[in-house]
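Contents: one structure, followed by commentary.
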Amino acid sequence: MDNIIKHNAVVGQSGGPTAAINATLSGVIRGCIESGRIGMLYGAKNGIDGILARRFASLFDILPSDKELHELEMTPSAALGSCRKKLPDPHDSASRPLYEKIFDIFEELDIKYLFYIGGNDSMDTVYKLSLYAKANHKELYAVGVPKTIDNDLVGTDHTPGYGSAAKFIAASISEIARDLPVYDLKSVVICEIMGRDAGWLTAAAALPRAINPLDAPDLVYLPEVSFDTENFINRTELLLKQKNSVLIAVSEGIRDKDGKYISAQERGEMKDAFGHKYLSGTGKTLEMIVRERIGCKVRSIEFNLLQRCASHIASLTDITEAVLVGRTAAAAGIKGETGKFVALVRTQGDKYSCVTKLIGIEEVANKIKKVPAEFITPDGSNVTDTCVKYLLPLIAGEVNLEYVNGMPKHFIIK
């Protein structure tokens with residue numbers, strides 16, 4: 001092993017943080033250590049932005065043992081920081097100086113391996129770097145590692161980060177459902193959950209149904225179905241005739257039949273680097289409609305960042321699989337795979353389990369996996385029992401957190 005020529009690697013995190021993204025980072029670190037073929041593993045601070053700015057952390061020095069790695073796995077958000085930078089077309093001559101700068105840095109630091117943790121936009125970065133390397137005969141083995149609470153990456157059964165977010169949503173909905181009917185009066189609570197284009201997170205609001213139907217929302221609206229305001233009001237009024245309190249879960253990205261967002265604010269034409277509109281106010285919009293049209297007590301609750309950073313209620317299945325995909329990515333890249341993505345494949349059988357496989361990064365980049373029709377009720381106002389059954393294993397198990405003075409202990413990369 002001592003005679004093996006070792007090269008260096010870099011790992012970055014990109015896009016929205018999750019409760020499991022650092023577990024994936026830990027998996028990459030573990031895989032690099034176990035290979036015995038990596039001289040130095042650089043952590044890029046703020047993803048591709050950090051590479052361009054030469055902001056690196058020496059991860060083998062910062063996380064030298066299993067103790068630190070376990071603590072990192074239990075820490076929410078992106079320990080290396082994140083970014084939302086969109087790389088230009090690598091075939092465009094005008095973008096050549098940018099790519100030359102990136103690959104000059106790689107050559108200077110003897111970086112032969114790139115592991116990039118993120119969602120579909122981040123996979124675009126891996127795809128473009130792979131294309132440039134191939135077209136210009138650069139030795140770079142680039143592997144995309146899945147991460148997103150949105151669960152909207154194609155080619156994989158689900159994404160690390162989703163299970164923990166789904167668990168937080170399901171538990172919070174259950175608790176809200178218990179609180180809602182304590183007073184003897186007519187009331188409506190509308191919970192706005194993240195999900196611009198896909199309703200996987202909002203679908204998780206129905207998971208309490210598996211324990212007690214009374215703890216689940218009465219109505220669940222996803223972006224996959226056109227939202228009809230009149231139908232929404234009629235259903236809410238009918239439910240209020242049958243019971244005192246109504247609980248509703250909605251995706252932030254629900255749209256009407258013309259494709260217009262229901263949200264009160266689209267913040268003008270403000271968009272992120274990948275062209276996605278900033279959304280806010282869907283729950284508040286529906287709250288005002290209910291107050292005006294029905295006149296009962298009503299409030300809206302926006303889950304917002306809480307659903308992606310709640311490590312205190314993380315899914316053990318999610319954290320375990322997050323480490324697995326990181327390990328798999330490291331092993332694949334070091335063996336010479338490039339332009340690949342690590343997918344999770346659900347195995348057949350009565351007991352839930354997943355294995356990993358590699359697919360081409362071009363099959364994933366810039367694509368969105370929607371909630372399938374069979375997971376949504378025919379009237380579009382809820383999800384099916386089939387959906388609940390499919391999602392339940394992803395929230396299974398509890399993590400073993402270390403607490404200090406009653407608070408979870410988190411790892412900080414300095």
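The values are calculated or read from the model by the stated rules, or taken from the named source; none is laboratory data. Fair warning: this is a prediction, and the values are worked out from it, not measured in the lab. Glycine also receives a Cβ, built like all others from the backbone with ideal geometry; neighbour counts cover every protein chain displayed. Quick note on the areas: whole protein, heavy atoms, side chains included, nothing else; ligands and nucleic acids left out. Shrake-Rupley method; radii C 1.70, N 1.55, O 1.52, S 1.80 Å.
Key figures for this structure:
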{"item": "Partners for residue 241 among lysines (Cα-Cα distance below 26 Å; same-chain residues under 8 apart left out)", "result": "186, 284, 297"}
{"item": "Highest-MSF residue in the chain out of 253, 155, 349 [GNM, Cα springs under 10 Å]", "result": "349"}
{"item": "Prolate/oblate/rounded call for the chain, Cα gyration tensor, a/c under 1.5 rounded", "result": "prolate"}
{"item": "Lysine pairs with alpha-carbon atoms under 23 Å apart, region 54-117, spacing 8 or more or separate chains", "result": "5"}
{"item": "Cut-off 11 Å between beta-carbons: net charge of the residues surrounding residue 108, Lys and Arg +1, Asp and Glu -1", "result": "-1"}
{"item": "Extension gain, residue 257 back to residue 139 (0.36 nm per residue minus Cα-Cα distance, nm)", "result": "37.6 nm"}
{"item": "P(r) weight above 23 Å for region 295-414, C-alpha pairs, percent", "result": "56 percent"}
{"item": "Cα-based reach from residue 389 at 18 Å (exclusive), listing lysines while leaving out same-chain residues under 8 positions away", "result": "167, 351, 370"}
{"item": "Residue among 250, 376, 206 farthest towards the positive dipole end of the chain, charges placed on Cβ", "result": "250"}
{"item": "Heavy-atom surface of region 45-84, accessible at 1.4 Å and reported per residue (Å²)", "result": "40 Å²"}
{"item": "The chain: calculated mean residue ellipticity at 222 nm from DSSP helix runs of at least 4, using -39500 (n - 2.57)", "result": "-10000 deg cm²/dmol"}
{"item": "Label-point separation in nm, residue 234 to residue 402, each point 7 Å along Cα→Cβ", "result": "5.9 nm"}
{"item": "For peptides 13-22, 368-377, sequence by mean Cβ density within 10 Å, most packed first", "result": "13-22, 368-377"}
{"item": "Residue 199 long-range amide H proximity, modeled H, under 5 Å", "result": "224, 371"}
{"item": "Using a Förster distance of 25 Å, the FRET efficiency for residue 337-residue 96 (Cβ separation, nearest 0.05)", "result": "0.45"}
{"item": "Value in Å of the Kirkwood radius, where region 137-266 supplies the Cα pairs that are averaged", "result": "16.2 Å"}
{"item": "Under 11 Å, Cβ to Cβ, from residue 18 - net charge with Lys/Arg +1 and Asp/Glu -1", "result": "0"}
{"item": "Equivalent ellipsoid, region 70-193 (semi-axes from 5 times Cα gyration tensor eigenvalues, Å)", "result": "43, 16, 12"}
{"item": "Paired Rg and Dmax values of region 1-45, which use every Cα atom, in angstrom", "result": "12.3, 41"}
{"item": "Contour excess over end-to-end distance, with Cα ends at residue 185 and residue 197 and 0.36 nm allotted per residue", "result": "0.8 nm"}
{"item": "Additional length obtainable on full extension of the chain from residue 60 to residue 6, 0.36 nm per residue less Cα span", "result": "18.0 nm"}
